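Colleague: Sharing a structure, written as structure tokens. Questions coming.
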Protein chains: 2
Amino acid sequence: MLLTTPKLSISSSSSTTALTFPILLKKPGNFHFIQSTPNISLRAQPTSSSSSQMIEKETIETHRPDTFLRESDEPSSSSDPSTVRARFEKMIRQVQDSVCAAIEAVENGSKFKEDVWSRPGGGGGISRVLQDGAVWEKAGVNVSVVYGVMPPEAYRAAKPTSDNDDVKPGPVPFFAAGISSVLHPHNPFAPTLHFNYRYFETDASKDAPGAPRQWWFGGGTDYTPAYIFEEDVKHFHSVQKSACDKFDPSFYPRFKKWCDDYFYIKHRGERRGLGGIFFDDLNNYDQEMLLSFATECANSVIPAYIPIIEKRKDTPFADRHKAWQQLRRGRYVEFNLVYDRGTTFGLKTGGRIESILVSLPLYARWEYDHKPEEGSEEWKLLDACINPKEWL
Amino acid sequence: MLLTTPKLSISSSSSTTALTFPILLKKPGNFHFIQSTPNISLRAQPTSSSSSQMIEKETIETHRPDTFLRESDEPSSSSDPSTVRARFEKMIRQVQDSVCAAIEAVENGSKFKEDVWSRPGGGGGISRVLQDGAVWEKAGVNVSVVYGVMPPEAYRAAKPTSDNDDVKPGPVPFFAAGISSVLHPHNPFAPTLHFNYRYFETDASKDAPGAPRQWWFGGGTDYTPAYIFEEDVKHFHSVQKSACDKFDPSFYPRFKKWCDDYFYIKHRGERRGLGGIFFDDLNNYDQEMLLSFATECANSVIPAYIPIIEKRKDTPFADRHKAWQQLRRGRYVEFNLVYDRGTTFGLKTGGRIESILVSLPLYARWEYDHKPEEGSEEWKLLDACINPKEWL
């Protein structure tokens, strides 16, 4: 089904509610997805500001379409095997539904607010935010599907050098889809969770029809408590490991380290939390296998996280616990505003600010020269953020 | 008096308490101070990461020296006319004393915590922070004096092109001194204030003794309330204008606009506050005149700000006023972490993090898609941040 069915009214206002998808161009050697909260973007240091470009503006929808895919990307009949694009979109939308339902079940009253948007040529997204609930102070779960065009230099940098190096392709169409979420609970003993799974494809350039199509998977799930309950951290990591181990025994150790490296607040010398898994640019495995792997990881969010929330959401706490949680949320803000590639680029290229910054907590705190007492519970958390541990 | 008098004990720990002074190198065409909170830095986009450099590590002092100048920079006798370096240092230290005394007088109990630091070859600073006082939630007032060396490329870019272009100078010594302060009160009707005044000089390169010495002044004072009391804003701006008008009638309009342009949160399309004055790279006026001008501006902080605090510090307020103040403080955090050149560079080059981030408020808040009701007091503030006004 096309996006612009008769049931969909497309408003002329494009500035009020939608996710954005900045495109970044990296200097030669790399062209891929970046970890992005909640927008999806293509990683890169633009070689100059003019080499970055925006996708056309989104419009707000009053109804949720069955798919954001262009008609050409949809299976031609129900007996056709679906494209990876179609199956990935279906997967992230199911995960959005199930995660939001699980959160609403725990909330037992508060509901997500939904915004749906689309772009005229195909693509769109669904943004869901629950703010100041009974359990979560802010929970955002966003999916998006983006069609765009990348300049040929970026494509040449991305494709294997052995392929048709003498061909000079024109602009290269691409497809990007992803789910991204940050969940900040109220209770200082209940952890913040972030997850993001994304799929990227290029089409062949119009000027070089023989050029190969490229695809990549990226994503991860990471865990950010203010206090360590070792059984919780072990549970969270063991669910990640189980998901990984179903596919490749090297995945968990490799993606666990990648996560520790990525969520590093360099100016603090500490990670924002206790990690999890993170991977990017994955294409050197079977495509079906990676689609199953991303699906498995995304489906592991609920069993990895919700039991911990159920256990900690009503734990009694004192003001000092809340103050420490807010201090750690200050670190979350520092990471996202200073280092997170999707956030920083989104801010600089005019993305929809409220969608980009939905990842920020409701409250954060900066205390001058705060140093937890050695051996205290706060110190233990800080120590684990400075010196990443093997939890399993 | 030299820094390392017998009374000063220099500890071996350099990681605990001191301001930092990252050096940035700009691509050809510019080399000057940047607005910096609370550190001082030389503006620039580094052409590569290796072209940035750090100054040697600081050591903590137990006593406050009379001066942080090198002996060669001090007047040789009391009858000698002092150097601009010496007079600028004296001025900023007097302003630090007077501003801290004025704040403590209003606090009527809470006191600043002071950290003194130095560097072996000369230079040092005094950092003062008052946290969670009766009136201010966080107040930082820092002075610093820095000696460093800039690479010759930076110097060649900075000096007038007509001067000895065929000479290839070696590394160029420089001197930088400044005062920087951010004052965040508790009461949502009492405004945040930031000010920063700085002076910069290069020596002649050792390889090119005939090359000219360069100097610049920079600084500004800006006003960030959560609510507009027009009489307060007028008072603040009129004190700035009076200070400017004593020197040049073009200063206030020019520096007022410069301030509105500098403190711009691009991704929000709004300024962080209601402006004030801001200037940088000033050297095309008489040096004595600019020293007097910077002194006048710095001495205007107390009359511009303290009467407003006295008037608003005890105004009754509701939770919604506090929530709005914290939301605006979120914007302050966004500006400082994303745009402020001194902060962002300090974070990336390993400056002393607590000194750099003392500018952040104790509390900040991010609410999804918050839109003040049109015509409300909150809306009026936002409107004035989006559309800068002429207050006088």
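The values are calculated or read from the model by the stated rules, or taken from the named source; none is laboratory data. Predicted model only: the values in this text are computed from it and were never measured. So basically every Cβ, Gly included, is an ideal-geometry build from the backbone, and we count neighbours across all protein chains shown. Note: areas computed on protein heavy atoms with side chains; ligands, DNA, RNA excluded. Shrake-Rupley method; radii C 1.70, N 1.55, O 1.52, S 1.80 Å.
Colleague: Can you pull out every residue in the stretch A:361-375 that is facing chain B (nearest Cβ under 8 Å) and free of Cβ contacts under 8 Å to residues at least 12 places away in the same chain? Even if it seems obvious, please write down each step before you answer.
Modeller: Narrowing the stretch A:361-375 to residues facing chain B (nearest Cβ under 8 Å): A:361-369.
If the condition is that a residue be facing chain B (nearest Cβ under 8 Å) and free of Cβ contacts under 8 Å to residues at least 12 places away in the same chain, then A:368, A:369 are the ones that fit.
Colleague: A follow-up question, please. With the structure loaded, tell me whether residue A:328 is more than 9 Å from chain B (Cβ to nearest Cβ), buried (at least 21 other Cβ atoms within 10 Å of the Cβ) and over 18 Å from residue B:340 (Cα atoms) or whether it fails that test.
Modeller: yes
Colleague: Which residues, taken from the stretch B:247-262, are closer than 30 Å to residue B:370 by Cα and open to solvent by 10 Å² or more (accessible area, probe 1.4 Å)?
Modeller: Within the stretch B:247-262, B:257, B:258, B:260, B:261, B:262 meet the criteria.
Colleague: On to the next question. Output the residues belonging to the stretch B:269-287 that are surrounded by fewer than 23 Cβ atoms within 10 Å (Cβ to Cβ), in contact (Cβ under 8 Å) with a residue 24 or more places away in the chain and of a type in the set (D, E, K, R).
Modeller: Once the filter is applied, which keeps residues that are surrounded by fewer than 23 Cβ atoms within 10 Å (Cβ to Cβ), in contact (Cβ under 8 Å) with a residue 24 or more places away in the chain and of a type in the set (D, E, K, R), the stretch B:269-287 yields B:270, B:280, B:281.
Colleague: Going by what's in this entry, would residue A:378 be described as out of contact with any Cys (no Cβ under 7 Å at 6 or more places or on another chain), within 7 Å of chain B (Cβ to nearest Cβ) and not in a strand (DSSP E or B)?
Modeller: No; evaluated as a whole, the condition is false for this residue.
Colleague: Name the single residue, out of those in the stretch A:320-374 being touching a Ser or Thr at 6+ places or on another chain (Cβ under 7 Å) and among the small types (Gly, Ala, Ser), that is farthest from residue B:348 (Cα to Cα).
Modeller: A:355
Colleague: Kindly indicate the residue of the stretch A:336-360 that is more than 10 Å from chain B (Cβ to nearest Cβ) and of a type outside the set (D, E, K, R) and also surrounded by the most Cβ atoms within 10 Å (Cβ to Cβ) among those meeting that condition.
Modeller: My answer is A:342.
Colleague: What number of residues within the stretch B:57-100 satisfy the criterion of being open to solvent by 80 Å² or more (accessible area, probe 1.4 Å) and at pLDDT below 85?
Modeller: Final tally of qualifying residues: 7.
Colleague: Of the residues that make up the stretch B:186-194, is at least one open to solvent by 10 Å² or more (accessible area, probe 1.4 Å), at pLDDT below 95 and part of a loop (DSSP other than H, G, I, E, B)?
Modeller: No - not one qualifying residue is present in the stretch B:186-194.
Colleague: I would also like to ask the following. So which residues in the stretch A:117-128 are surrounded by fewer than 20 Cβ atoms within 10 Å (Cβ to Cβ) and either under 23 Å from residue B:323 (Cβ atoms) or of a type in the set (Val, Ile, Thr) (or both), if there are any at all? Give the derivation first.
Modeller: Of the residues in the stretch A:117-128, the ones surrounded by fewer than 20 Cβ atoms within 10 Å (Cβ to Cβ) are A:120-121.
If the condition is that a residue be surrounded by fewer than 20 Cβ atoms within 10 Å (Cβ to Cβ) and either under 23 Å from residue B:323 (Cβ atoms) or of a type in the set (Val, Ile, Thr) (or both), then no residue fits.
Colleague: Another question about this same structure. Looking at (1) within 13 Å of residue B:218 (Cα to Cα); (2) part of a loop (DSSP other than H, G, I, E, B); (3) modelled with pLDDT of 95 or more, which one does residue B:294 not meet, given that it meets all the others?
Modeller: Residue B:294 satisfies every listed condition except (2).
Colleague: For the condition touching a helix residue (DSSP H, G or I) at 6+ places or on another chain (Cβ under 7 Å), without any contact (Cβ under 8 Å) to a residue 60 or more places away in the chain and of a type in the set (Val, Ile, Thr), what is the one hit in A:202, A:224? Even if it seems obvious, please write down each step before you answer.
Modeller: Numbers: A:224 fails: without any contact (Cβ under 8 Å) to a residue 60 or more places away in the chain.
Every option except A:202 fails the conditions.
Colleague: Given the criteria away from every other protein chain (no Cβ under 14 Å) and in contact with a helix residue (DSSP H, G or I) (Cβ under 9 Å, 6 or more places away or on another chain), does residue A:246 qualify?
Modeller: When the stated conditions are applied, residue A:246 passes them.
Colleague: Considering (1) part of a helix (DSSP H, G or I); (2) in contact (Cβ under 8 Å) with a residue 40 or more places away in the chain, say which one residue B:255 fails and leave the rest.
Modeller: With (1) part of a helix (DSSP H, G or I); (2) in contact (Cβ under 8 Å) with a residue 40 or more places away in the chain applied to residue B:255, the lone miss is (2).
Colleague: Suppose the filter is under 18 Å from residue B:224 (Cα atoms) and away from every other protein chain (no Cβ under 13 Å); does residue B:322 pass it?
Modeller: No, not satisfied.
Colleague: Moving to a separate point now. For residue A:182, work out the one condition from (1) modelled with pLDDT of 95 or more; (2) open to solvent by 10 Å² or more (accessible area, probe 1.4 Å); (3) of a type outside the set (Asp, Glu) it doesn't fulfil.
Modeller: (2)
Colleague: Hey, any hits in the stretch B:319-329 for a residue that's at pLDDT 95 or above, under 21 Å from residue A:369 (Cβ atoms) and touching a Gly at 6+ places or on another chain (Cβ under 6 Å)?
Modeller: No, every residue in the stretch B:319-329 fails to be at pLDDT 95 or above, under 21 Å from residue A:369 (Cβ atoms) and touching a Gly at 6+ places or on another chain (Cβ under 6 Å).
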